[in-house]
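Structure first, then comments.
Nothing in this text is a laboratory measurement; each read-out follows from the coordinates by a stated rule. Not measured: the values here are computed from a predicted model. Here the Cβ positions follow ideal geometry from the backbone for every residue, glycine too, while neighbour counts run over all protein chains shown.
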Amino acid sequence: MRVLIIEDQQKVADFIQKGMQQEGYAVDVARDGEDGAYQATSIEYDVVILDLMLPKLSGLDVLARIRAHKLNLPVLILTAKGSLDDKVKGLDTGASDYLVKPFAFVELSARIRALLRRGHQEAPVLRMADLEMNTVTREVTRGGTRIDLKPKEFALLEFLLRNARRPVTRTMIVEHVWDIHFNAVSNVVDVHINSLRSKIDRDFPVALIHTLRGVGYVLKDEPSC
């Protein structure tokens, strides 16, 4: 999952970015409203965390631009302005949720997960054959056996599960699992795929992750042609 943080306070942005990265999200940060609006409307994100008090362009103006291009992109407003009027303005402009500073990261994380579930209109448990992922508890099992995954492995598997039986290219994986600073010519995607295979396929009779030569990968419970 890829997240955009639009926040001009560096300590706040760094705090959120570090926490989200530890949970396996790919995170980009914009320091002002103009850059934030450009990134949000030109790059594919799964959720945006947006401060209202921004230089160059206000958070409400950024939100209006996002809604003009992407009606369904979840946007969580994060701000020190906690009056009822401020909340109403944000929600009327198209915010998906509203959280007032100071905040606990665990609440922010829970709200982000709720927005992502709502956006995908899916239950918190994703399944393929005997493989299960609970996106709330972040537990993964196959055949009833628990599998421990690193944050990036979890994010990669979640992306594959949400696109089950659909081919995904390396570019698609990079855009959703890694951030804007990722080196696209590296082999890190293949390395993570191999690591994931060793955990969810190696000890089971049916392989779920399949390579599509010249294309990318697909998660399915049928043998490759």
What is the angle, in °, between the Cα long axis of helix 10-22 and the longest principal axis of the Cα atoms in the chain? Nearest 10 is fine, range 0 to 90. 20 degrees
Quick check: net charge around Leu115, other residues with Cβ under 11 Å of its Cβ, Lys/Arg +1 and Asp/Glu -1? +2
Of the beta bridges DSSP finds with both residues in the chain, what % are antiparallel, to the nearest 5? 50 percent
Could you tell me whether segment 1-56 comes out rounded, prolate or oblate from its Cα gyration tensor? Rule is a ≥ b ≥ c as square roots of the eigenvalues, rounded for a/c under 1.5, then prolate if a/b exceeds b/c, otherwise oblate. oblate
For Cα extents along the principal axes in Å, one of (1) 58, 35, 29; (2) 69, 37, 36; (3) 64, 40, 26 was computed from the structure I shared and the rest are decoys. Which label? (1)
Step through the residues of segment 210-215 one at a time and calculate ³J(HN,Hα) from phi using the Karplus curve (6.51 cos²θ - 1.76 cosθ + 1.60, θ = phi - 60°), rounding each to whole Hz and writing x for Gly and Pro. 10, 8, 10, 4, x, 10
Take the alpha carbon gyration tensor of segment 2-120, find the square roots of its eigenvalues, order them as a ≥ b ≥ c, and report rounded if a/c is under 1.5; if not, report prolate when a/b exceeds b/c, else oblate. rounded
What does the helix-only formula give at 222 nm for the chain: each DSSP H stretch with n ≥ 4 adding -39500 (n - 2.57), the total divided by the residues, and the result rounded to the nearest 500 deg cm²/dmol? -12500 deg cm²/dmol
Springs between alpha-carbon atoms under 10 Å, Gaussian network over the chain: tell me which of Asn187, Asn134, Asn163 tops the mean-square fluctuations. Asn187
Pull up all non-local amide H partners of Val75: gap of 5 or more, or a different chain, and H-to-H distance under 5 Å with H placed in the peptide plane. Val48, Ser96, Asp97
Could you list which residues have their amide H under 5 Å from that of Ala30, counting only those 5 or more apart in sequence or on another chain, with H placed in the peptide plane? Ile5, Ile6, Glu7
What is the extension gain from Asn72 to Phe103, computed as 0.36 nm multiplied by their sequence separation minus the C-alpha to C-alpha distance, in nm to one decimal? 8.7 nm
